[in-house]
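The values are calculated or read from the model by the stated rules, or taken from the named source; none is laboratory data. Everything quoted here is computed from the prediction, not taken from an experiment. Counting neighbours? That spans all protein chains shown, and the Cβs are built from the backbone with ideal geometry, glycine included. Protein only, heavy atoms only, side chains kept; ligands, DNA and RNA dropped before computing areas. Shrake-Rupley method; radii C 1.70, N 1.55, O 1.52, S 1.80 Å.
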Amino acid sequence: MTVDLLLGLQWGDEGKGKIVDILTTNYNIIARFQGGPNAGHTLVFNGMKHVLHTIPSGIFHEKAINLVGNGVVIDPVIFKNELIKLDEHHIDYKKSLRISRKSHLILPTHRLLDAASEIAKGKAKIGSTLKGIGPTYMDKTGRNGIRVGDLELEHWKKKYRALANKHERMIAFYKVDLQYNLEELETEFFNAIETLKELTFIDSEEYIYQALKKGESILAEGAQGSLLDIDFGTYPFVTSSNTTAAGACTGLGVAPNQIGEVYGIFKAYTTRVGSGPFPTELFDEDGETMGRVGNEFGATTGRSRRCGWLDLVALRYACQINGVTQLMMMKGDVLSGFKTLKICTAYNYKGETITHLPYNIEAENVTPIYTEFNGWSEDLTTMKNDSQFPKELNDYISFLEEELDIPIKIVSVGPDRKQTIFR
Ligand code: IMP
């Protein structure tokens, strides 16, 4: 068996949670491989909305094992809150959740460092979710991090103290006005650690190896989007992990030749939350309508998302980097009612027309070149199959399939599990 991947192709918030939840019935194991509680994966079913941050989106299915891989960073406090929410729905997570011993812990001081760094950056801030993601990955690559497996060792608190003390000195170095009560934060943290310790910690790369050998199927669930990738995203306005296909190999311990299907998810338009370049961003009524109709507010931070037309240059780049084999187009319903739709098919880059994503995509270097499409007025949210789609939507889809040379297998027409059309 192989490991299939599900990845966001834009700046995150594409709707990965919904699709993982739908695909879970086909898989034995759902595994997160990077990121942490900066993610907010939303699932809607039976009239209820669930937001997951670190726990894989297969958790509501009884049979699937949900694995938090070595590439993930875990905030025990947020993790515990997620478990409490699952308790309300009587989910037997002790049976179905596994955590890699090699995943790293987000300490309270990592969150404080994130805040101090952003305050110090002023206008140049990344627009981080302030969940401590950057500082935790910095400690990982700096070889100072504390891993879940350390919690099984006797003297881990000594290591914790030394690292937290160092962080406090670093926070002071920033010389910013940051009020905090570390004692309170630590009480909450150590309580949450006790909850975490009730779960099953595993050597996840071995677990996955054995599962594949037994013929089990695995879906790796990406977080954030390809354009937020630490290497290939719009650096420095990115997250601190590899959100692309290669990240699944390092974040789970899976060899590249074990990767099967690569499902790429994109919205029918584009959104971005936080700072950074966004060539097709709209500042007019169209952008405002997308935000309002699409309910474009961050699932983790509540911040309103910036909206714009679909950027095919960026999407093509993401498909290339990830080796996407199947596409899923989300939020098609949000585009109902627009008279004209636009897709950016090329950039004017310093006077030259280009169709690849260049090093600099800031507004002073790049002007989008658009192809226009007729819009449709039909409400898609109650449609059951693609034979009901208006011609204009089919034209929009066919254009993308031709340009990208990848089939669009799913069109999502609303947040509910049921509002999903398979093609
Ligand atoms: P961080 O990962 O919290 O440090 O945030 C870095 C950048 O990535 C910011 O612009 C965030 O808004 C963005 N970001 C992080 N996680 C997500 C996500 O799950 N969805 C969308 N944007 C995200």
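The helices (runs of 4 or more DSSP H) falling completely within the stretch 1-109 that include 3 or more residues that are without any contact (Cβ under 8 Å) to a residue 40 or more places away in the chain map to 76-88.
Open to solvent by 20 Å² or more (accessible area, probe 1.4 Å) and either of a type in the set (S, T, N, Q) or under 20 Å from Thr300 (Cβ atoms) (or both): does that describe Ser117? The answer is yes for Ser117.
This table checks each residue for (1) more than 27 Å from Gly276 (Cβ to Cβ); (2) under 27 Å from the mean Cα position of the chain (by Cα).
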| position | (1), (2) |
| --- | --- |
| Lys350 | no, no |
| Val366 | no, yes |
| Ile369 | no, no |
| Asp379 | yes, no |
| Phe389 | yes, no |
| Tyr396 | no, yes |
| Asp405 | yes, yes |
| Lys409 | yes, yes |
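Gly134 meets the conditions (1) more than 21 Å from Phe79 (Cβ to Cβ); (2) in a helix (DSSP H, G or I); (3) within 16 Å of the ligand (Cβ to nearest atom); (4) at pLDDT 95 or above in every case but one. The failed one is (1).
Met329 satisfies every condition listed in (1) surrounded by fewer than 22 Cβ atoms within 10 Å (Cβ to Cβ); (2) out of contact with any Leu (no Cβ under 7 Å at 6 or more places or on another chain) except (1). Being farther than 30 Å from Ala255 by Cα and of a type in the set (Gly, Ala, Ser) is the requirement here; does Ala220 meet it? Judged against the criteria, Ala220 is not a match. If you go through the stretch 345-363 and keep only what is under 17 Å from Trp309 (Cα atoms) and among the hydroxyl-bearing types (Ser, Thr, Tyr), you end up with Thr345, Tyr347, Thr355.
A single entry from Ile126, Ile133 fulfils the requirement of being in contact with a helix residue (DSSP H, G or I) (Cβ under 8 Å, 6 or more places away or on another chain), under 18 Å from Gly247 (Cβ atoms) and of a type in the set (Val, Ile, Thr): Ile133. Only residues that are open to solvent by 70 Å² or more (accessible area, probe 1.4 Å) and free of Cβ contacts under 8 Å to residues at least 40 places away in the same chain were counted across the stretch 138-165, and they come to 9.
For the stretch 240-263, enumerate the residues that are surrounded by 18 or more Cβ atoms within 10 Å (Cβ to Cβ), away from the ligand (no atom under 16 Å from the Cβ) and in contact (Cβ under 8 Å) with a residue 40 or more places away in the chain. Within the stretch 240-263, Ala245, Ala248, Leu252, Gly253, Val254, Ile259, Val262, Tyr263 meet the criteria.
Number of residues in the stretch 352-398 that are open to solvent by 70 Å² or more (accessible area, probe 1.4 Å), in contact (Cβ under 8 Å) with a residue 40 or more places away in the chain and of a type in the set (D, E, K, R) equals 2. The number of residues in the stretch 264-283 that are touching a Phe, Trp or Tyr at 6+ places or on another chain (Cβ under 9 Å) and either in a loop (DSSP other than H, G, I, E, B) or within 11 Å of the ligand (Cβ to nearest atom) (or both) comes to 13. Condition first: open to solvent by less than 10 Å² (accessible area, probe 1.4 Å) and within 11 Å of the ligand (Cβ to nearest atom). Now tell me which residues in the stretch 12-40 satisfy that. Selection gives Gly12, Glu14, Lys16, Gly17, Gln34, Gly35, Gly36, Pro37, Ala39.
Scanning the stretch 320-338 for residues that are outside any loop (DSSP other than H, G, I, E, B), touching a residue at least 60 places away in the same chain (Cβ under 8 Å) and farther than 21 Å from Asn394 by Cα turns up Ile321, Asn322. Among the residues of the stretch 41-63, those that are among the β-branched types (Val, Ile, Thr), open to solvent by 10 Å² or more (accessible area, probe 1.4 Å) and within 15 Å of the chain's Cα centre (by Cα) comprise Thr42, Val51.
Checked across the stretch 291-302, the condition of being within 16 Å of the ligand (Cβ to nearest atom), part of a strand (DSSP E or B), buried (at least 21 other Cβ atoms within 10 Å of the Cβ) and among the charged types (D, E, K, R) holds for no residue.
Return a yes/no flag: does the stretch 216-230 have any residue that is crowded, with 20+ Cβ neighbours inside 10 Å, away from the ligand (no atom under 16 Å from the Cβ) and polar (S, T, N, Q). Looking for residues that are crowded, with 20+ Cβ neighbours inside 10 Å, away from the ligand (no atom under 16 Å from the Cβ) and polar (S, T, N, Q), one finds none in the stretch 216-230, hence no.
Could you please give the count of residues in the stretch 349-402 that are over 29 Å from Lys418 (Cβ atoms) and assigned to a loop (DSSP other than H, G, I, E, B)?
Counting residues in the stretch 349-402 that are over 29 Å from Lys418 (Cβ atoms) and assigned to a loop (DSSP other than H, G, I, E, B) gives 13.
Taking the conditions exactly as written (part of a helix (DSSP H, G or I), open to solvent by 60 Å² or more (accessible area, probe 1.4 Å) and at pLDDT 95 or above), does Lys123 satisfy them or not? In short, no.
When restricted to residues that are charged (D, E, K, R) and not in a loop (DSSP other than H, G, I, E, B), the stretch 228-244 contains 0.
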